[in-house]
Amino acid sequence: METIDLSGKTAIVTGGSQGLGRCTATRLYAAGANVGVNYFPDRQGLHRIAAESLVQTLGDRAFALECDVRDAAAVEKMCQEIKCRTGRLDIVVNNAAVIRDRTLVKMSDSEWQEVIDTNLTGVFHVCRAAAELISDGGRIVNMASISGVVGFYGQVNYSAAKAGVIAITKVLSKELAKRRITVNAVSPGVVLTEMGQTIPKEVQADMLKQIPLGRFAEPQEIAGVVLFLCSDLASYVTGQTLHVNGGWVT
């Protein structure tokens, strides 16, 4: 049976210090890749501590990378640093995201802009910088969301950003196809991460009624799909959005 072996390849996972990013970085490392764990430079240093803890747990093929993906110059520097460290860049997982939920009429300009800047423009920044450095035959996986497909109440900013991520994925898959670089998106339903746990219990109960499997996803179930897309097993898959949501009709 063929197994996934990413030995000798270098990956970066944005927002890799927690949640889905942390789980994805762990799966890529276990498959043999060098893994850059990107984290947001928050004032309290909590993301840095989490990223460094993960790197220490994983081993010497992992390294932490501080960068705010909203900052185009910082993203360029980060991607250059990755290539300097390992001599290559093969896999990019755009996972960094924030939520600032509020109904449209109550949403402030800053709540709109922060989500768009991180969840959409951040993906643009990373893809643009990585496209210049990534090896032919490389992999780009963008984390979308069911919210970008069905549109959840109180998430006009988040839904708009994630729908944009799906559009970026489709376009970039065409632009990079001549170099055999595949670009795909993973669109999870509700996942039991720190972000997923913030959903009010009564809302969770309503959501569960719409999921045929009757439960929310575990982070490793999403990370497993990302791992597949990063592997040679998915060499003919590009421009696609894989809906990993327990059968939730989208």
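Could you name every one of the helices (runs of 4 or more DSSP H) located completely within region 137-220 that has at least 1 residues being in contact with a Gly (Cβ under 6 Å, 6 or more places away or on another chain)?
156-175
For a quick check of your reading of the model, give me the residue pairs whose first member lies in region 64-91 and is in contact (Cβ under 8 Å) with a residue 40 or more places away in the chain and among the hydrophobic types (A, V, I, L, M, F, W, C), whose second is in a loop (DSSP other than H, G, I, E, B) and surrounded by fewer than 22 Cβ atoms within 10 Å (Cβ to Cβ), with beta-carbon atoms closer than 6 Å and at least 6 apart or on different chains.
Cys79/Leu133; Leu89/Leu133
Taking region 32-57, which residues are in contact with a Lys or Arg (Cβ under 9 Å, 6 or more places away or on another chain) and either of a type in the set (D, E, K, R) or within 19 Å of Glu218 (Cα to Cα) (or both)?
Across region 32-57, the qualifying residues are Asp42, Leu54.
When only residues in region 1-49 that are hydroxyl-bearing (Ser, Thr, Tyr) and open to solvent by 20 Å² or more (accessible area, probe 1.4 Å) count, which is farthest from Phe63 (Cα to Cα)?
So, considering only residues that are hydroxyl-bearing (Ser, Thr, Tyr) and open to solvent by 20 Å² or more (accessible area, probe 1.4 Å), the one farthest from Phe63 (Cα to Cα) is Thr3.
Could you list, in sequence order, the residues of region 104-132 that are assigned to a loop (DSSP other than H, G, I, E, B) and either crowded, with 17+ Cβ neighbours inside 10 Å or in contact with a strand residue (DSSP E or B) (Cβ under 6 Å, 6 or more places away or on another chain) (or both)?
Scanning region 104-132 gives a single hit, Met107.
Mind listing whichever residues of region 92-103 are in contact (Cβ under 8 Å) with a residue 24 or more places away in the chain and either open to solvent by 30 Å² or more (accessible area, probe 1.4 Å) or among the aliphatic types (A, V, I, L, M) (or both)?
Listed by number, the residues that qualify are Val92, Val93, Ala96, Ala97, Ile99, Arg100, Asp101, Arg102, Thr103.
What are the pairs with Cβ atoms under 6 angstrom where one residue, in region 37-59, is within 18 Å of Val69 (Cα to Cα) and the other, located anywhere, is assigned to a helix (DSSP H, G or I)? Sequence gap at least six, or different chains.
Listed pairs, sorted by first residue: Val37/Ala25; Val37/Ala51; Val37/Leu54; Val37/Val55; Tyr39/His47; Tyr39/Arg48; Tyr39/Ala51; Phe40/His47.
The values are calculated or read from the model by the stated rules, or taken from the named source; none is laboratory data. Computed from a prediction, not measured in an experiment: that's the story for all the values here. Note that we place each Cβ from the backbone using ideal geometry, even for glycine, and neighbour counts take in every protein chain shown. We work out accessible area using only protein heavy atoms, side chains counted, and drop any ligands, DNA or RNA first. Shrake-Rupley method; radii C 1.70, N 1.55, O 1.52, S 1.80 Å.
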